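A short worksheet on the structure shown next.
The values are calculated or read from the model by the stated rules, or taken from the named source; none is laboratory data. Treat the numbers as computed from the prediction; the structure is a model and nothing was measured. Using ideal geometry, Cβ is built from the backbone for each residue, glycine included, and neighbour counts are taken over all protein chains shown. When the accessible area is computed, the model is the full protein with side chains, heavy atoms only, and any ligands, DNA or RNA have been set aside. Shrake-Rupley method; radii C 1.70, N 1.55, O 1.52, S 1.80 Å.
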Amino acid sequence: MSWIARLRGMLRRERLDHDLDEELRSHLEMRAADNLAAGMSPEEARYEAQKRFGNTTLQKEDTRAVDILGWLDEGSRDFRHALRMLQRSPGFTAVAVLTLALGIGANTAIFSVINSVLLHPLPYHDPDNLVMVWENNSQHPNPHNTVSPPNFLDWQSRNTVFSSMAFIFDGRDNLTGNGDPQEVVVQAVSINFFSLLGVDPLIGPGFTPENGQPGHANVVILSYGLWKERFAGDPAIVGKSILLNGRPQTVVGVAPQNFQWFIKDGSLTGARPQMWSSFVFPQSFHDHKQIGRFMTVVARLHPGARHSQAQIQMNAIASRLEQEYPDFDGHWGVNVVPLRQQISGDLRPALLVLFGAVAFVLLIACANVSSLLLARAASREREMAIRTAIGASRWRIARQLLMESLLLALIGGGIGVALAVGGSNAVLAASPRNLLDLRSISMDLRVLAFAVGATLLAGLLFGFLPSYISAHSRISETLKEGGRGSSSANRRAFARNAFVVAQLGLALVLLTGSGLLIRSFVRLIGIDPGFATGHLLTFKVALPPSKYGTDQLCMAFFRQLLARISAVPGVRSASMESFPPLTGLGAATAVHLLSQPPLALSDLPVANVGVVGPDYFATMNIPLRAGRLFNAQELAEEKHVTIINQAFADKYLQGINPLGQKAAIYMKSFAENEIQPSEIIGVVGDVHQSGLDTAPEPTVYWPHPELVMSGMTILVRTSNDPLAMVSRARNEVQQIDPELPVAAVATMDQLLADSLSRSRFTMLLLGIFAAVALVLASVGIYGLIAYNVTQRRQELGIRIALGAQRRDVLRLVLVQGTRLTLLGVAVGVLAALAFSRLLATLLFGVSATDPLTFAGVSALLAFVALLACFIPARSATRVDPIVALRHE
Amino acid sequence: MPLFKPKNDLLQGTLALLVLKTLARGPLHGYGITIHIQMVSKDILRVEEGSLYPALHRMEQDGWVSAEWGISENNRRARYYRLTAKGRKQLGEEEKNWERLTQGVAHVLQSA
């Protein structure tokens, strides 16, 4: 029946039904007529005909079923057949489906994270044309250094690649009036900030050009969150006045709910903004001598301009600025970074590595299922041969087997997607909250399309080889040989061995990666941060200038606060620092050691500056290496003394006694004749300021009176749980000034954990995937050896009957397993050597080809694989020769 | 779930052979086929009429037989089945299979 006829048949189904009725009726009538002729009564004749025929409706349905089956296309027949075959061997189906569900599920979960983090549209207009513009200094490599205002002005006026440029710098301000005082993070931005990003406020006009005029800049835009929480979503908020640091500001808009702007590298507060205030450069911002580098700059490329063109032009501008202002801009260049790359920068390498890892897991899963199918194909070879003998074409058989594979893949994929929904939320829960800002990971169409694609690809991948071999087996050979020793059986055996080797190799690559990350992590957490992190509470207090306008007021406040907190029972000591370690913040500047020749400002040594309160080094447990600590007098008034850390002494004062040296620290001014040099009175141990994975930087410490800062982080060393002390500490602050908020409350242990979170996240996930890979590969080699033992049952029986010892049989079976394992390890080591380089950016203190890791994971893999072989090998020794020989 | 189930495996296999053989003599309708088989087998083989039509329709789909409406000896409309070339080849196969089977069974019976 041709396709067209079948199609026509489908269209004329009713007529066919009618035909069938008539055919059966004519049969009954002919039988009844014959019965009548044989002498029955009419009723009898009809009754007997009906009885012989049986249930007409049932027959009709059976017959129609045949017809309908014919109408349905052959694919669906294959599908049904496949379903039956899978039902018939539930064990095989369960293992295959589960394996695939793991592989597809892991891939979908990681892809959904990548989709949300790397591919999701940013909440700005045409985000691909947005770039960050940073300064970078060839002598102190930090590719994302903040920008100085005068340089920004020069860039803005000289470039032709950007349609506009905006600046941002953030700070913490006190919001008072209507409700408790609250510290809010405010980003001061140029008035074109929102229009450059192409974002309109949810309500209100936003910043208008007239806000750029001096005297009209006291306007703010609220974040959606702040508007909802603090102002209860007041729809009439626009036009109202709020008090920021005691000064009135007019609200001109509320940002859309999904809008945010947080670039970790340039942030001075390390926190997400709750408000934006328009900022107009005062006169001092035009002068290189008066202002440092502290702004973040975003720019929009002209339509058609490329990132690389922008970089080239900005290089040219930077080199001219270097010549014009050698003191300030010497060695300084410009780095243009696409916004998307900037945002995902921290997590991007980790996610790509994980994506590669799950792809490997899926490949291993496919090899496993393919191997299972090959084993099954061998036992179904006679079925296939007979089907070929009665006329089924090769294509027909291959198609039927492929249909079984696709069906397996579809079921596995379905379960996999369900696993992925749970899995991606688990990934989210394990992910670093300071890196990945997602509340939930959406399963959008792209993720589903990916899952379907992965499923179909997997189905074809593992189904192709088995069906190809089956379709090309020679019938005569198969029937003669009973399926064993035929060329297709040889091909199958080879393919299964190859699969096992490949699986072991892939698993070894993942194990190596995971081993390297674990070793990195162990190295990392083994590093002494340079101070004691336990039982240490930190929180920030920032004094509003409107109320604490003088140094005396600030110093008095902090002196009183520290005295009060130290007196609280359970507090062992308390102190303060301007930029405590592990918060990701810091201030750095040029230092001129007077014993050394003067240099241009940009050529001077660079050091971090830390401003500390009384008992700082004791509270932090930072050891004194030489000299002495600040005395009470130095902590009460400006005495021009400083303490340096060991890194400073090692880097800038090699072979010189640092004590008594004088250093001009460029903090309060950039003109050396205005700087009062500080005398070095002591050397303390190094602290990892930016994280355990970065080396300690040269640092100078000043007592608070030397550089009075209004915002300080209070450090409280407690005897018990530091978090239990939070409300007492807040109480002490508000006893002195009820309008003051307490911000950024955390224990130092939490900050340490946060600084390790990316390493922990990557290590954890890669470890899980490597474990899955190890299990799958072990199941793979176990399955192969177990199958071979079953196939050789007869031979083993004969050997045992002829006197082979258990030991001999064990060796016979294990030799094959060992050979495959060693081959797999060899392949894996080579592949791991090639792939582990991709991990380099994620490693710390371990080389990508670390021999210890390679040896360790190879041994682990070999051990587990041989263990997997040992189980079937032992069962081989238990073969009962009599049973084995009687079989067949 | 399979859409139809064979009632009797042996009959299912041989029914095709018997039907093909019957149609080898010439086109015939379903009822005629049952009568013919019953007659020629001297009443030993009775086609189970219920399984005949599903079998005929399946053979039609496999292209072993073709069908068309005609008028029976006693002037009834009936569906006539005719053996195709493919069906004739199939008949040869089935006959050979059958011979092999009966020989096999005969050997077993003789040796026992």
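Peptide B:24-34 shows a mean partner chain C-beta count of 3 within 10 Å per residue C-beta. Couplings 3J(HN,Hα) of the range A:775-782, computed from phi: 4, 4, 5, 5, 4, x, 6, 4 Hz, in residue order, whole Hz [Karplus 6.51 cos²θ - 1.76 cosθ + 1.60, θ = phi - 60°; x for Gly and Pro].
Simple rule: put +1 on each Lys or Arg Cβ and -1 on each Asp or Glu Cβ in the range A:764-888, find the dipole, and look at A:868, A:884, A:816; the Cα lying farthest toward the positive end is A:884. Nonpolar atom fraction for the protein assembly as shown, defined as the carbon and sulfur part of the 1.4 Å probe accessible area, stands at 58 percent.
On a per residue basis, the protein assembly as shown carries 46 Å² of accessible surface, using protein heavy atoms and a 1.4 Å probe.
Ignoring lysines fewer than eight residues from residue A:668 along the same chain, the ones with Cα atoms less than 20 angstrom from its Cα are A:289, A:639.
Based on the reciprocal of the average 1/r between different C-alpha atoms, the Kirkwood radius for the range A:726-823 equals 19.7 Å.
Since only A:556, A:645, A:280 are under comparison, the one whose Cα sits farthest along the positive direction of the charge dipole of chain A, derived from C-beta charges on Lys, Arg, Asp and Glu, is A:645. Taking Cα atoms only, the orientation of helix A:487-525 departs from the longest principal axis of chain A by about 20 degrees.
Antiparallel as a % of all DSSP beta bridges within the protein assembly as shown, to the nearest 5? For the protein assembly as shown, the DSSP antiparallel bridge percentage is about 80.
Spread over its residues, the convex hull of the C-alpha atoms of the range A:307-381 is 132 Å³ per residue.
Write out the GluC sites (Glu not before Pro) in the range A:594-684 meeting two conditions: DSSP loop, and at most 13 other Cβ atoms within 10 Å of their Cβ. In loop regions of the range A:594-684 (DSSP not H, G, I, E or B), the sparsely surrounded GluC sites (Glu not before Pro) are A:637. Compactness of the protein assembly as shown, taken as the C-alpha radius of gyration over 2.2 N^0.38 Å, stands at 1.39. Buried accessible surface for the A/B pair, both sides summed and rounded to the nearest 100, is 2700 Å² with a 1.4 Å probe.
Computed from phi, the 3J(HN,Hα) profile of the range A:678-687 under the Karplus parametrisation 6.51, -1.76, 1.60 (θ = phi - 60°) reads 9, 8, 7, 10, x, 10, 10, x, 7, 10 Hz, with x in place of Gly and Pro. With contributions of -39500 (n - 2.57) from each DSSP H run of at least four residues, the per-residue ellipticity at 222 nm computed over chain A stands at -17000 deg cm²/dmol. At a Förster radius of 41 Å, what calculated FRET efficiency corresponds to the Cβ-Cβ distance of residue A:553 and residue A:599, to the nearest 0.05? With R0 = 41 Å, the Cβ-Cβ based efficiency is 0.60.
Let a ≥ b ≥ c be the square roots of the eigenvalues of the Cα gyration tensor of the range A:559-623; is it rounded (a/c under 1.5), or, if not, prolate (a/b larger than b/c) or oblate? Before the final figure, lay out each step's value.
Values: a/c = 3.33, a/b = 2.77, b/c = 1.20.
Taking the square roots of the gyration eigenvalues as a ≥ b ≥ c, the range A:559-623 is prolate.
At the listed q of 0.12, 0.13, 0.19, 0.22 Å⁻¹, the Debye profile of the range A:170-271, built from one uniform point per Cα, gives log10 I(q)/I(0) equal to -0.38, -0.45, -1.03, -1.42.
Distances over 17 Å make up what percent of all Cα-Cα pairs in the range A:500-565? More than 17 Å apart: 70 percent of the Cα pairs in the range A:500-565. Can you compute the FRET efficiency between residue A:560 and residue A:830 using 1/(1 + (r/R0)^6), with r the Cβ-Cβ distance and R0 = 60 Å? Round to the nearest 0.05. Step by step, r from the Cβ atoms, then E = 0.35.
Taking the chain by itself as reference, the range B:42-60 contains these residues with an accessible-area loss of 20 Å² or more in the full protein complex (1.4 Å probe, heavy atoms): B:46, B:49, B:50, B:53, B:54, B:57. Under a point-charge model restricted to the Cβ atoms of Lys and Arg (+1) and Asp and Glu (-1), what is the dipole moment magnitude of chain B relative to its Cα centre, in debye to the nearest 20? In debye, rounded to 20, chain B gives about 180.
Gain on full extension, evaluated as 0.36 nm per residue between residue A:734 and residue A:674 minus their Cα-Cα distance, stands at 17.8 nm. The dipole here belongs to chain A: it is taken about the Cα centre, uses +1 on the Cβ of Lys and Arg and -1 on the Cβ of Asp and Glu, and is about 3960 debye.
With Cα atoms as the point set, the radius of gyration and Dmax of the range A:526-597 evaluate to 16.6, 52 Å. One decimal place: the segment residue A:81-residue A:331 gains 82.6 nm when fully extended, by the rule 0.36 nm per residue minus the C-alpha distance.
Relative contact order, percent, of the range A:194-348 when contacts are C-alpha pairs under 8 Å separated by at least 6 residues?
Contact order relative to length: 21 percent.
In terms of overall dimensions, the C-alpha atoms belonging to the range A:743-888 reach 82, 32, 22 Å along their principal axes, ordered largest to smallest. Legend: calculated FRET efficiency, residue A:837 to residue A:380, from the Cβ-Cβ distance at R0 = 51 Å, rounded to 0.05, equals 0.70. The amide H of residue A:163, built 1.01 Å from its N in the peptide plane, has A:300, A:301, A:302 as neighbours under 5 Å, considering only residues 5 or more places off or on other chains. Counting 0.36 nm for each residue step from residue A:721 to residue A:805 and taking away their Cα separation leaves a gain of 23.7 nm. Mean separation of Cα pairs under 8 Å and 6 or more residues apart, divided by the residue count, gives chain B a relative contact order of 26 percent. Comparing A:294, A:227, A:840 along the charge dipole axis of chain A, the residue lying farthest to the positive side is A:840, per the Cβ-charge model. Summary value for chain A: 15 percent relative contact order, contacts being C-alpha pairs under 8 angstrom separated by 6+ residues.
Histogrammed with a bin width of 5 Å, the alpha carbon distances of the range A:74-151 distribute as 3, 11, 9, 9, 10, 10, 9, 8, 6, 6, 6, 4, 5, 4, 2, 0 percent, first bin at zero.
Scanning residues 5 or more positions from residue A:333 or on other chains, those with amide H under 5 Å from its amide H are A:136, A:137, A:138, with H placed 1.01 Å from N in the peptide plane.
Amide H to amide H distances under 5 Å link residue B:80 with B:68, B:69, B:70, where only residues 5 or more positions off or on other chains count and H is placed in the peptide plane.
Quick one: which of A:529-540, A:149-160, A:362-373, A:76-87 comes out on top by average Cβ neighbours within 10 Å, and what's the full order, highest first?
Averaged packing, sorted descending, gives the order A:362-373, A:529-540, A:149-160, A:76-87.
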